[in-house]
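Shown next, in structure tokens, is the structure this report addresses.
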Amino acid sequence: MGNYLSNLEYTLITVYFPVASGIGRPLLGYIADRIGRMRGIDLMMLGMVGGVLITVMGNLERSSLLLLGILLVGIMGGSTFPMFSALVGDVYGSKYSTANTSILYTGKILSGVLGSVVFSSLFQVNDLAGLIFLLLSTIASISLLEVLHRV
């Protein structure tokens, strides 16, 4: 996707994405403390879908929406691991917190590697196919989370 950005835009993204990620953690933690952990995770995931949608639209239109979408993904995405780690602690308690966190982190790494390989392969063949995969995988994650809410 960097091929579609100017040098200035690419520099901005590489600087503000990690900053947005760092800001998202305490911000969403604060919000989750006020509205509840599960509602906070729902908000975070909806923000991720919104960010991905805006990123896809910005990429397709070659507009500055791409920068806005990446900022939103950075804010919301930076808080995913701390929010889910806290949820695992809420559900399973502190007795096996190290083992539970290790399993959660291993899943995060595997999904990140596999998702990145599939996305980059699709994006190299056809950029629209890669963007659709990105959007559908995000929606599938949220749908699965919603089913787990009900269980």
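The values are calculated or read from the model by the stated rules, or taken from the named source; none is laboratory data. Since the model is a prediction, treat every value here as computed from it, not as a measurement. Note: ideal-geometry Cβ built from the backbone for every residue, glycine included; neighbour counts use all protein chains shown. Areas reflect the complete protein model, heavy atoms only, side chains present, ligands, DNA and RNA absent. Shrake-Rupley method; radii C 1.70, N 1.55, O 1.52, S 1.80 Å.
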Original post:
In the full protein assembly as shown, how much of residue 17 is accessible to a 1.4 Å probe, in Å² to the nearest 10?
Top reply: 80
**OP:** Calculate one ³J(HN,Hα) per residue across segment 94-111 by plugging θ = phi - 60° into the Karplus curve 6.51 cos²θ - 1.76 cosθ + 1.60, and present them in order as whole Hz with x for glycine and proline.
**Re:** 9, 4, 10, 4, 5, 5, 5, 5, 4, 5, 4, 5, 4, x, 5, 5, 4, 5
**OP:** Compute the long axis of helix 65-77 from its Cα atoms, compare it with the longest principal axis of the Cα atoms of the chain, and write down the angle in degrees, 0 to 90, nearest 10.
**Re:** 20
**OP:** Rounded to the nearest 0.05, what FRET efficiency do residue 102 and residue 143 give with R0 = 30 Å and r taken as the Cβ-Cβ distance? Could you check?
**Re:** 0.70
Original post:
Using θ = phi - 60° and the Karplus curve 6.51 cos²θ - 1.76 cosθ + 1.60, what whole-Hz ³J(HN,Hα) does each residue of segment 10-26 get, with Gly and Pro shown as x?
Top reply: 4, 5, 4, 5, 5, 8, 7, 4, x, 5, 4, 4, x, 6, x, 5, x
Original post:
Using alpha-carbon pairs under 8 Å, 6+ residues apart, how would you state the relative contact order of the chain in percent?
Top reply: 24
Subject >> With DNA, RNA and ligands ignored, accessible area of residue 105 (1.4 Å probe; Å², nearest 10) >> reply: 100
**OP:** Per residue of segment 40-53, in order, report the coupling 6.51 cos²θ - 1.76 cosθ + 1.60 (Karplus, θ = phi - 60°) as ³J(HN,Hα) in whole Hz, putting x for Gly and Pro.
**Re:** x, 5, 4, 4, 4, 5, 5, x, 5, 4, x, x, 5, 4
**OP:** Quick one: accessible surface of residue 62, probe radius 1.4 Å, all protein chains present, in square angstrom to the nearest 10.
**Re:** 120
**OP:** Obtain the nm distance between the two label points defined at residue 110 and residue 11 by a simple spin-label model: each point lies 7 Å from its Cα along the Cα-to-C-beta direction.
**Re:** 4.2
**OP:** Grab the eigenvalues of the alpha-carbon gyration tensor for the chain, scale each by 5, take roots, and send me the semi-axes largest first in whole angstrom.
**Re:** 29, 17, 14
